[in-house]
1. Quick test of your reading of the structure: ALA265 fulfils all but one of (1) within 12 Å of the ligand (Cβ to nearest atom); (2) farther than 22 Å from LYS331 by Cα; (3) touching a residue at least 60 places away in the same chain (Cβ under 8 Å). Name the failing condition by number.
2. Specify which of the listed residues (PHE234, PHE216) is of a type outside the set (Asp, Glu), touching a Leu at 6+ places or on another chain (Cβ under 8 Å) and modelled with pLDDT under 95.
3. Hey, could you check the range 41-54 for residues that are in contact (Cβ under 8 Å) with a residue 24 or more places away in the chain and part of a loop (DSSP other than H, G, I, E, B) and say which is surrounded by the most Cβ atoms within 10 Å (Cβ to Cβ)?
4. Which ones in the range 67-79 are surrounded by 15 or more Cβ atoms within 10 Å (Cβ to Cβ) and outside any helix (DSSP H, G or I)?
5. With respect to the numbered conditions (1) part of a helix (DSSP H, G or I); (2) polar (S, T, N, Q); (3) farther than 24 Å from ASP248 by Cα, which one is the sole condition not fulfilled by ASN334?
6. Using the structure shown, decide if LEU340 is crowded, with 18+ Cβ neighbours inside 10 Å, farther than 20 Å from ALA367 by Cβ and away from the ligand (no atom under 16 Å from the Cβ).
7. If a residue has to be within 13 Å of the ligand (Cβ to nearest atom) and out of contact with any Phe, Trp or Tyr (no Cβ under 7 Å at 6 or more places or on another chain) to count, how many in the range 233-253 make the cut?
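The values are calculated or read from the model by the stated rules, or taken from the named source; none is laboratory data. In this text the structure is predicted, and so the values were computed from the model without any measurement. No Cβ is skipped: glycine too gets one built from the backbone with ideal geometry, and neighbour counts run over all protein chains shown.
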Amino acid sequence: MLDLCMKSSPEITAVVLCAGKGQRAGLGYNKILHNVGGTTVAVRSIRKFLRFDRVIVVCSRDDEMNISAQMELEHANNVTFVRGGETRTESVRSALKSIGKTDIVIIHDGARPFVSDKTIDDSIESAIEFGSGVAVVKSVNAIKIKENGFVHSTNRDNVFVVQTPQTFRFEEIMHAYEVMEGSFADDSEVYERAGHRVHLVDGTSDNIKLTTPSDFMGLNSLYRLGYGFDVHAFKEGRRLVLCGVEIDHPLGLDGHSDADAPVHAIMDALLSATSLPDIGVLFPDTDPEFEGADSIELLRKVLKLTSNFEIINLSVCIITQKPKIAPHVEKMRNRLAEVLNISSECVNISATTSEFLGITGEGKGLASSADILIRKR
Ligand code: MG
């Protein structure tokens, strides 16, 4: 047996299985060619393994044309292609035979594009140490076993749902595929039935295998970007409130509410990202309810309306000649982070003048923009 502990860096080959027909997805074409955020599922999965010595993609001739064109664009020159067989077992066997020689082989379903680097690395470490590393998760559902027509319960702590990557010392998995005949559910079954011990590593619940139509629903709308902009005129005798922070200044901003322009821009960015009506529609300045309103309270209402999304980051720009914004930025960031319930590192506030030009440059008013990135919960 190859003593990998003695080798400083074993050669690692990944096999990405893209040969299924994916009929259960009901897309009318191979599900691994489905586009998720501008890139196919297959390419997203393959990218996770380009850092290794070699990547072997198992797929049909037609799908190879599509995938190889994208790989060329990305200058991925360690990718080769192998035709799939009638069954998963046959496909993996073909891929393993084509390798010839390597130290470690990672076998991964092309329909699992959300696998984490950590899961992959853990499976490799386990394969180096024990011969195998198979990603599994605990079942979130109760487990029942049916025998002779009757059901009995079992302790789900001892039951695992098997994912990929499934990583092995090459010589051992090659041997297993050579001695075992027939069709098996996965590589760990072939390995186990050939007399080897399967070691488990922690997978993650989001390393899902895209299978049914519902798995594909909403994948392209996981992330959304929003933009908002607002201007208010300066007026004597008004408070100046920016990002929920009161600033000592001879002039405040005029408006129906407290005229907190950056918070208005943030609300419009959030509403825009979630395709909801803007604040002019939600909080009309003809409605006495919103007279003198604290904009932070209005923002809380918008957060409730958009609560099925979480905020990834927020970028605010304040444009004014006076007062200087920099001394207040930390306080503003902390205030917004607290209201939005995110880390202040995810809130950024920049400030600029407009070089004495226009409404803001002549000191007539203050403008603010906000960009926000959100993700479906
Ligand atoms: Mg406004």
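1. (2)
2. Working: PHE234 fails: modelled with pLDDT under 95.
Testing whether each residue is of a type outside the set (Asp, Glu), touching a Leu at 6+ places or on another chain (Cβ under 8 Å) and modelled with pLDDT under 95 leaves just PHE216.
3. Initial filter on the range 41-54 (in contact (Cβ under 8 Å) with a residue 24 or more places away in the chain): 41-50, 52-54.
Those still in the list that are part of a loop (DSSP other than H, G, I, E, B) too: 48-50, 52-53.
Values: LYS48: 22, PHE49: 25, LEU50: 16, PHE52: 18, ASP53: 15.
Among those that are in contact (Cβ under 8 Å) with a residue 24 or more places away in the chain and part of a loop (DSSP other than H, G, I, E, B), it is PHE49.
4. Our first condition is that a residue be surrounded by 15 or more Cβ atoms within 10 Å (Cβ to Cβ); within the range 67-79, this holds for 67-68, 70-71, 76, 78-79.
If the condition is that a residue be surrounded by 15 or more Cβ atoms within 10 Å (Cβ to Cβ) and outside any helix (DSSP H, G or I), then ALA76, ASN78, VAL79 are the ones that fit.
5. (3)
6. Yes, satisfied.
7. Here is the first cut: in the range 233-253, the ones within 13 Å of the ligand (Cβ to nearest atom) are 233, 241-242, 253.
This time we only want the ones that are out of contact with any Phe, Trp or Tyr (no Cβ under 7 Å at 6 or more places or on another chain), so: 233, 241-242.
Residues that pass the stated criteria total 3.
Yes or no, residue by residue, for (1) modelled with pLDDT under 95; (2) over 21 Å from MET180 (Cβ atoms):
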| site | (1), (2) |
| --- | --- |
| ASP103 | no, yes |
| PRO113 | yes, yes |
| ALA127 | no, no |
| PHE130 | no, no |
| GLY133 | no, no |
| SER139 | yes, yes |
